[in-house]
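J.: One structure is given below, represented as structure tokens, and several questions about it will come after.
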Amino acid sequence: MSRIRMQLFALTCAVLVVMLAATSRTRAQQAATPQDSFLLTVFLKHDQSKTLDQINEQLKRQDYYKKFPPAGVEIVSWYVMMGIGQVVTLRVPAGRLRDVNRAIEQSAWGAYRTEFYPTYDFKPVAEEQRKTQ
């Protein structure tokens, strides 16, 4: 085999090894996500003694928009519930619960009253129950 062919063969093998490693890592990360994380629903109840402008100004002063949610925490849904405030569902890596709590304490308190609820997706279960009933 010529030297160029050997180098090309070695390069091709190296590329394949890197691609296989990346694919395996991605699959492992995807498989681990449900086991290593949980859903957390956060109620951010507006302080109705303040105007919306006052709430937004306080959030800005406290760097709310930079701190919540912390990096690495996925937003699953974020809704405004009229008359209540905002309802945010997060996918939180198991070891990051404290980070979410600290972000809320440091940046949302004063503008919102907060409540936290561990959450799970019941929709597939309900759909299955509806099929069998």
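J.: Within segment 70-79, can one find any residue that is in contact with an Asp or Glu (Cβ under 8 Å, 6 or more places away or on another chain) and buried (at least 16 other Cβ atoms within 10 Å of the Cβ)?
T.: Yes, segment 70-79 contains at least one residue that is in contact with an Asp or Glu (Cβ under 8 Å, 6 or more places away or on another chain) and buried (at least 16 other Cβ atoms within 10 Å of the Cβ).
J.: When only residues in segment 80-89 that are assigned to a strand (DSSP E or B) and touching a residue at least 40 places away in the same chain (Cβ under 8 Å) count, which is surrounded by the fewest Cβ atoms within 10 Å (Cβ to Cβ)?
T.: Gln86
J.: Looking at this structure, is Thr119 polar (S, T, N, Q), over 11 Å from the mean Cα position of the chain (by Cα) and either surrounded by fewer than 13 Cβ atoms within 10 Å (Cβ to Cβ) or closer than 17 Å to Phe43 by Cβ (or both)?
T.: yes
J.: Within segment 37-54, can you find the residues that are outside any strand (DSSP E or B) and either at pLDDT 95 or above or surrounded by fewer than 14 Cβ atoms within 10 Å (Cβ to Cβ) (or both)?
T.: Within segment 37-54, Gln48, Ser49, Thr51, Leu52, Asp53, Gln54 qualify.
Here is a yes/no grid of residues against (1) closer than 30 Å to Ser49 by Cβ; (2) modelled with pLDDT of 95 or more:
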{"site": "Gly85", "(1), (2)": "yes, no"}
{"site": "Ala108", "(1), (2)": "yes, yes"}
{"site": "Ala126", "(1), (2)": "no, no"}
{"site": "Gln129", "(1), (2)": "no, no"}
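The values are calculated or read from the model by the stated rules, or taken from the named source; none is laboratory data. Just so you know, these numbers come straight off a predicted model, no measurement behind them. Don't worry about glycine lacking a Cβ; one is built from the backbone with ideal geometry, like all the others, and counts go over all protein chains shown.
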